[in-house]
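Notes to accompany the following structure.
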Amino acid sequence: MGSIAVRTEHRQQQTLSPRLQQAVRLLQLSSLDFAQEVHDALGRNPFLEADEPEAGANGEAPAPADGASDASAPAEPVDAASSATSNDADSERETWQADGYSSMRRGEEGDLALMDMMAVETSLAEHLHGQLNVLPLSTRDLLLAKAVVESLDDDGYLRMELSELLGITGLAPAPTLEEMQIALRRVQSLEPVGVAARNVRECLVLQLPSIECERERELAREIVTEHLDALAAKDIVGLSRHLSLAPADVEAVCARIRRLDPRPGWRFGASDVQYVTPDVIVKKVRGNWTASLNPAIVPKVRLNHVYAEMFQRHRAQNAELASHLQEARWTVRNIEQRFATILSVSQAIVSRQRHFLEYGALAMKPLGLREIAEEVGLHESTVSRVTNNKYMATPLGVFELKYFFSRAMHAKSGGEFSGTAIRGLIKDMIDAESPSAPLSDAEIARQLAQQGLVVARRTVTKYRQALHIEAVERRRKHA
């Protein structure tokens, strides 16, 4: 029969303190996520406050310099009524200016905000509804056309079957399929041309009347309706064989078709543009490349010492606020540590890649995380977190920090080169190629080998695809 025993043993294991966990989490955030995190911390923690710039002695903004005009100062009022009674052109112009100025003054008084005067993006549905409302249509026809408009997606396509729209109109008697087809054709006649198409082929066919040359228009119609796959694959040789035409003539028609808009709905509505705010700015100062933090991303946060002192005097009565005070101190300290780490890693990268800043991608040196980690005294995982979703603004453009890292590749001469340099060299070779005789991946690999850079063909293909460059047949141009 077994016995129960108590045994004591010593074991070492690594654990992260709450403060270190917060520091690691803040370090790996992007600048946008970090700003949102700091904003949330300011809202929930009473011991944190925004460090705003100090105002003047009386709490007012500093006065403008001598000779500078104050644009916000109110001007002399204009008697619009007396100007309106005069008949000469100057008085009418003064009246117009006075009315415009009074509208601006209403913004200062709160009746008209500045946002009310901003242009509003017009959606595709609003644009189409506006055209339908001016057409001489009966109420039934107008409702059927509006039902089609409301069923369009962001690309401007009608992805639903017309039979599915019969039951959502709510009309009595219910519309027939022929009525829905008439409503569809009516919407397809509106601007932009190609809207309400049910597929790409129909969208392009609706736009073919914009081709002025009748011969090109009929040839384009045949290519779109019967050889759309070959058009997408840029198979000029195959198209010329099927159409019994010269490759140059076929390529000219295909180039005209590609100028059509396959997504007409994208012209309307607000576009979702993701902007990148660099964390670090690199400049050349007195012959040396230096990295500095972007002031736009550094939050102005500090500890509210007034609340902290009040809490220290009444600690016994407000024990639940102790965690907030501790979190506030950790947050301020971790913010400073985050930007100090980003700056030190960025400066180490700039020191290693100064030839890239001078001469471009061809001068990029091989660089690993371990080299930067050893130089700044950090762990590789920490450097990896710093380089993720952090961006550096250089005279050559804005790059993510991990862009500067690439494995070393060995040349025949015994030297080393980076994959980024090979990508830059491949891009230069393709840019300089003949349009009628583009370079294949095997030919690029052979020319690189002649320069002492041994790269496999599949590696060239991978780098070419990373540069978003099409294959050799799609780059070929027929004279």
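Summary of computed values
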item: Dipole magnitude of segment 172-318 about its Cα centre (Cβ charges: Lys, Arg +1; Asp, Glu -1), debye to nearest 20; result: 1320 debye
item: Contact order normalised by residue count of segment 370-425, Cα under 8 Å, 6+ apart, percent; result: 17 percent
item: Under the Karplus curve 6.51 cos²θ - 1.76 cosθ + 1.60, θ = phi - 60°, whole-Hz ³J(HN,Hα) for segment 202-213, x wherever Gly or Pro sits; result: 5, 4, 6, 5, 5, 9, 4, x, 6, 7, 6, 5
item: Inter-centroid distance (Cα atoms) of segment 203-232 relative to segment 445-461, Å; result: 40 Å
item: Residue-wise HN-Hα coupling along segment 470-476, computed from phi with Karplus coefficients 6.51, -1.76, 1.60 (Hz; x: Gly, Pro); result: 6, 5, 5, 5, 6, 8, 6
item: ASN288 paired with CYS213, simple spin-label distance in nm, labels 7 Å along Cα-to-beta-carbon; result: 6.3 nm
item: Relative contact order of segment 391-479, pairs being alpha-carbon contacts under 8 Å that are 6 or more residues apart, as %; result: 26 percent
item: For ASN304, residues with placed amide H under 5 Å, excluding near neighbours; result: LEU48, GLU49
item: Cα extents of segment 165-294 along the three principal axes, largest first (Å); result: 77, 53, 24
item: Two-site FRET efficiency, SER323 against ILE4, from Cβ-Cβ distance with R₀ of 41 Å, rounded to 0.05; result: 0.55
item: Modelled label reach - GLU358, point 7 Å along Cα→Cβ, segment 392-419 residues with backbone N closer than 16 Å; result: 395-396
item: Cα gyration tensor category, rounded, prolate or oblate, for segment 241-302 with a/c compared to 1.5; result: oblate
item: Rounded FRET efficiency, nearest 0.05, which uses the C-beta distance separating GLU222 from VAL24 and R0 of 51 Å; result: 0.25
item: Under Karplus coefficients 6.51, -1.76 and 1.60, residue-wise ³J(HN,Hα) of segment 141-148 in Hz, glycine/proline x; result: 5, 5, 5, 5, 5, 5, 5, 5
item: Positive-end residue, segment 323-479 charge dipole about Cα centroid, Cβ charges, pick of SER381, SER323, ALA442; result: ALA442
item: Relative contact order for segment 256-378, counting Cα pairs under 8 Å that sit 6 or more residues apart, in percent; result: 21 percent
item: Nonlocal amide H pairs with GLU416, under 5 Å, H built at 1.01 Å; result: ALA411
item: Probe 1.4 Å - accessible area at ASP431, Å² to nearest ten; result: 100 Å²
item: Prolate/oblate/rounded label for segment 388-452 (Cα gyration tensor, a/c 1.5); result: oblate
item: Global form of segment 114-211, assessed from the alpha-carbon gyration tensor, a/c cut-off 1.5; result: oblate
item: Förster radius 22 Å - calculated FRET efficiency between GLN337 and SER381, Cβ distance, rounded to 0.05; result: 0.90
item: For LEU367, distant residues with modelled amide H under 5 Å away; result: SER406
item: Among the listed pairs LYS390/LYS462; LYS365/LYS427; LYS427/LYS462; LYS402/LYS462; LYS412/LYS462, those beyond 20 Å (Cα-Cα); result: LYS390/LYS462; LYS412/LYS462
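The values are calculated or read from the model by the stated rules, or taken from the named source; none is laboratory data. Values in this document were obtained by computation on a predicted structure and should not be read as measured data. We place every Cβ from the backbone using ideal geometry, glycine too, and count neighbours over all the protein chains shown. What goes into the accessible areas is simple: the full protein's heavy atoms, side chains included, and nothing from ligands, DNA or RNA. Shrake-Rupley method; radii C 1.70, N 1.55, O 1.52, S 1.80 Å.
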